[in-house]
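Here the structure comes first, spelled out in structure tokens, and everything after it is commentary.
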Amino acid sequence: MYSLVKKILTALLRVIYRVEVHGLENYHQAGDRVLIVANHSSFLDPLLLGVFLPDKITFAINTQISQLWWLKPFLWLSNVFPMDPTHPLSLKNLIQHLKTSTKTVIFPEGRITVTGSMMKVYDGTGMVADKSGATVLPIRISGGEFTHFSKLSRIVRLRFFPKIHIHILPPTKIHCDDRLRGKSRRQLSGRALADLMNNMMFTTSHYQQTLFSSVLEARTIHGGNHKISEDLDRIPLSYNDLITQSIALSDTLTTHTQQGEYIGVFLPNSQKTLLTIFALQVSARVPAMLNYTMGATGMVSACQTAQIKTVLTSRRFIELGKLEEEAAALSKFLILLYMEDLVEKITTIDKLSAVLKSKTATLWYPSKNHDSNKAAVVLFTSGSEGTPKGVVLSHRNILANIHQIKSRISFNAQDTVLNFLPLFHSFGFTAGAILPLMNGIKTFYYPSPLHYSIVPEMAYEQNATIMFGTNTFLAAYAKKAHPYDFHSMRYVVAGAEKLQNTTRDEWIEKFGIRILEGYGATETAPVISVNTPIDCKVGTVGRFLPAMNYKLETVKGIENGGKLHVSGANIMMGYLLAKNPGELVPPCSIYGEGWYDTGDIVEVDSEGYLLIKGRSKRFAKIGGEMVSLMMVEELALKTWPKAQHAALSVPDSKKGEQILLLTTQPQASIQVLKKNSDGLSAIHFPKTIFIIRELPVLATGKIDYPQASLIADKKRKHS
């Protein structure tokens, strides 16, 4: 009877939900004493595991839930181990149970998700895995969250028969150091299990596809009429609009460009730029995002490095941005295509054809065989000599980073992102534009982060819930904003430069918002680590994202920590360098191919949090000792919190190098710095202080150190 009912339910579920089971061989490899840990997406989860796992398994279920009348008919398909996860005796009994031959399922979150993402993982489950010595088998159930059996009716678009996948991952074990006892061991085992679950969510995600196929997938999930972007033109775009218009524009662009060609994009922060990017994606062209703040010389150099022959721009943008000089310089070396002209060439027949192609895109686009490992975008970053170098990111790089972030932070289609960061910057491109688009999140594009009074108003007007920024911008908004402007914010994430304590404190005091500081690089698409609502430690940049490997290279003079090298699915395809234009140079460090040398000196604490000590190039070697210039800037900021500071290293005939400080603080002096030094040695103080009106900054808000060095050189010559 049991076998017959199980076969009937298996056939029924395969028909209704097209259930697919992946990795069944891992189940058989796990052995006899197995603790199965699964995410909890819906009320269907116990039924799915009971039906599709080969044996009659045991469920460790909350005592109250096991008594629900509607659940009892299904529980006879399995054994039940009633327990209270908050009660120590229940956990001890479960540990003893797992020392027998059993395959027992537990949901470590303790409840069905109400966010659509992983929620908190109970330390007790980790302790059970540790103390019992049982093999841990992670299982991810995906698709159940879109059924009417989930708790996400107001979060996602529910469907009657979404496809459900059951991913069974390789078995593993959790074992902590036997010298640890009590609370510390319980917390460590809980963190190990949480990391295991986060890694499971990432590795089973669908990131090995192209950006355009990911948009098609998002349309299926959220619906074609779901609004996903808006800008100052106040014409919202839905998924259908984005896909249809991208296809129409793509058909026009194919007559002017070649497949696989790098195409320059010289456009503002707007949804029209998003359309342009995806028009290029449809036809397998690669957008190369030009940083127009680097001036005409920088943009021409970037185009030569990437061997760009064609640049897409707009007359209106050039006029409003007063960029005529830059456009004229580019036109001497390559072809400028104006969006206004391209749009005029799109006929009514072209539009009708685009509508038809949009409706059938899931049928014809996969047949194009676009490779997720091919280039998706080129972003430019300045080299040490100021010559732009191109960072080539694949579709896989970008989507992997998005799913890595998603495995740690919950966001959903009810959120709204306010994106004022430029799309030519990796933070603005991946986090501000692509991440929300792939997750049904509406993005409002604002053209400039420098409008310190207007950006908070936009957050208030749009009821924005997510914002990405740099310390410089967030500090400026805090000074200008009304205390209620950010009332709807769920997440404010800071990156690209160190978050200062003064900025963090002001946001907490004025808005009641805890800024989550992260860390990354253009070469890592860009996020490496980030603080989250669950894992957050002030003064750090969070813990590594899932499936990222790291090594610390020993640096002479640095006692704790070392230079960070990372590898993972989000590491760039490679560089385009000025000395070999158009030639891709894959990432490689002292640890081999595929490893990226960040150039940052970091320390990783016992809980896995990263502490940034500074760029390896931003250390001064004084009398044989390494001194962090970032530490000098922090001391100056602590002394004069309302001013800006830049510490620089310059040659010294006696000690090799000396520290010079540029500051906007009037009457700044070394004597005042020493009073706030907390006993620092003399080598940590600048030998010279120059007072200037303002520091040079980049478009991202970070200090422009090459320009600051030029200012310092002029000051030294005239002093």
Can you tell me how many residues within the stretch 1-56 are within 21 Å of E145 (Cβ to Cβ) and either in contact (Cβ under 8 Å) with a residue 24 or more places away in the chain or not assigned by TED's automatic domain parsing to the domain that holds K151 (or both)?
28
So which residues in the stretch 31-52 are more than 22 Å from V114 (Cα to Cα) and either of a type outside the set (A, V, I, L, M) or at pLDDT 90 or above (or both), if there are any at all?
G31, D32, R33, V34, L35, G50, F52
I'm trying to understand the selection: among the residues of the stretch 405-425, which are part of a loop (DSSP other than H, G, I, E, B) and hydroxyl-bearing (S, T, Y)?
S407, S410
Any chance you could count how many residues in the stretch 134-184 are assigned to a loop (DSSP other than H, G, I, E, B) and surrounded by 14 or more Cβ atoms within 10 Å (Cβ to Cβ)?
19
For V300, all conditions in the list (1) under 21 Å from P447 (Cβ atoms); (2) part of a helix (DSSP H, G or I); (3) not polar (S, T, N, Q) hold save one; what is the number of the exception?
(1)
Could you count how many residues in the stretch 197-213 are surrounded by 20 or more Cβ atoms within 10 Å (Cβ to Cβ) and over 16 Å from the mean Cα position of the chain (by Cα)?
6
Got a number for residues in the stretch 351-371 being at pLDDT below 90 and not hydrophobic (A, V, I, L, M, F, W, C)?
8
Pairs returned, first residue in the stretch 588-610 that is more than 25 Å from C176 (Cα to Cα), second residue that is modelled with pLDDT under 90 and loosely packed, with under 14 Cβ neighbours inside 10 Å, beta-carbon separation under 9 angstrom, 6 or more apart or interchain, are G599/K617
Of all the residues that make up the stretch 555-573, how many are of a type outside the set (S, T, Y) and under 15 Å from G599 (Cα atoms)?
10
The conditions are (1) closer than 16 Å to V392 by Cβ; (2) assigned to a strand (DSSP E or B); (3) of a type outside the set (A, V, I, L, M), and D597 fails exactly one of them. Which is it?
(1)
Could you run through the stretch 239-260 and say how many residues are assigned to a loop (DSSP other than H, G, I, E, B) and either crowded, with 24+ Cβ neighbours inside 10 Å or touching a Lys or Arg at 6+ places or on another chain (Cβ under 6 Å) (or both)?
1
Looking for something β-branched (V, I, T), surrounded by fewer than 24 Cβ atoms within 10 Å (Cβ to Cβ) and modelled with pLDDT of 95 or more - is there at least one such residue anywhere in the stretch 418-440?
no
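Conditions tested, residue by residue: (1) within 27 Å of P388 (Cβ to Cβ); (2) surrounded by 14 or more Cβ atoms within 10 Å (Cβ to Cβ).
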residue: D535; (1), (2): no, yes
residue: V538; (1), (2): no, no
residue: G542; (1), (2): no, yes
residue: M548; (1), (2): yes, yes
residue: G562; (1), (2): no, yes
residue: G574; (1), (2): yes, yes
Could you tell me whether K92 is outside any strand (DSSP E or B), charged (D, E, K, R) and out of contact with any Gly (no Cβ under 8 Å at 6 or more places or on another chain)?
yes
For S3, work out the one condition from (1) out of contact with any Lys or Arg (no Cβ under 9 Å at 6 or more places or on another chain); (2) among the small types (G, A, S); (3) not in a helix (DSSP H, G or I) it doesn't fulfil.
(3)
If you go through Q404, Q414, the only one that is closer than 27 Å to T203 by Cβ and buried (at least 24 other Cβ atoms within 10 Å of the Cβ) is Q404
Condition first: of a type in the set (S, T, Y) and within 18 Å of Y550 (Cα to Cα). Now tell me which residues in the stretch 569-592 satisfy that.
S589, Y591
For the stretch 216-227, state whether one or more residues are within 23 Å of the chain's Cα centre (by Cα), part of a strand (DSSP E or B) and within 18 Å of V417 (Cβ to Cβ).
yes
Of the residues I513, I508, which single one is outside the structural domain of K638 (by TED's automatic domain parsing), closer than 19 Å to T532 by Cβ and either touching a strand residue (DSSP E or B) at 6+ places or on another chain (Cβ under 7 Å) or among the hydroxyl-bearing types (S, T, Y) (or both)?
I513
Have a look at D341, D350 and point out the one that is acidic (D, E), part of a helix (DSSP H, G or I) and in contact (Cβ under 8 Å) with a residue 40 or more places away in the chain.
D350
Just a yes or no: is a residue in the stretch 86-105 surrounded by 15 or more Cβ atoms within 10 Å (Cβ to Cβ), modelled with pLDDT under 85, in the same structural domain as R18 (by TED's automatic domain parsing) and closer than 30 Å to Q414 by Cβ?
no
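Within the stretch 491-505, does at least one residue satisfy the condition of being hydroxyl-bearing (S, T, Y) and within 22 Å of L637 (Cα to Cα)?
Yes, there is a match, as at least one residue in the stretch 491-505 is hydroxyl-bearing (S, T, Y) and within 22 Å of L637 (Cα to Cα).
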Picked from the stretch 269-298 (must be without any contact (Cβ under 8 Å) to a residue 60 or more places away in the chain and hydrophobic (A, V, I, L, M, F, W, C)), the residue surrounded by the fewest Cβ atoms within 10 Å (Cβ to Cβ) is A296
I need the full set of residues from the stretch 372-388 which are surrounded by fewer than 19 Cβ atoms within 10 Å (Cβ to Cβ) and modelled with pLDDT of 90 or more, in order please.
N373, K374
So which residues in the stretch 11-47 are in a helix (DSSP H, G or I) and closer than 21 Å to L193 by Cβ?
N26, Y27, Q29, D45, P46
Inspect the stretch 309-319 for any residue being touching a residue at least 60 places away in the same chain (Cβ under 8 Å), in contact with a Ser or Thr (Cβ under 9 Å, 6 or more places away or on another chain), closer than 23 Å to L249 by Cα and assigned to a helix (DSSP H, G or I) and give the result as yes or no.
no
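The values are calculated or read from the model by the stated rules, or taken from the named source; none is laboratory data. Please read all numbers here as calculations on a predicted model, not as lab measurements. All Cβ positions, even for glycine, are placed from backbone atoms using ideal geometry, and neighbour counts span all protein chains on display.
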